[in-house]
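The values are calculated or read from the model by the stated rules, or taken from the named source; none is laboratory data. Bear in mind the structure is a predicted one, so any value in this text is a computation, not a measurement. For neighbour counting, all protein chains shown are included, and Cβ atoms are generated from backbone atoms with ideal geometry for every residue, glycine included.
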Amino acid sequence: MVVVDNARKMIGRNIEITVTSVLQTSMGKMIFGKYEGSQAGSS
């Protein structure tokens with residue numbers, strides 16, 4: 001599962017993110033990141 005902060009508008013699109021952490025669980029890996037394009041009013 002990949003979780004990206006401030007990227008709700010980008011669901012269904014391919015975007016570049018910065019990975020901030022990775023958590024290994026019994027069900028698999030969870031990858032957390034942030035979408036840089038969401039800052040300062042960028043599109």
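List of remarks:
- Residues of the stretch 19-33 satisfying the condition of being at pLDDT below 95 and surrounded by 11 or more Cβ atoms within 10 Å (Cβ to Cβ): none
- Verdict on G41 being modelled with pLDDT under 95 and not polar (S, T, N, Q): yes
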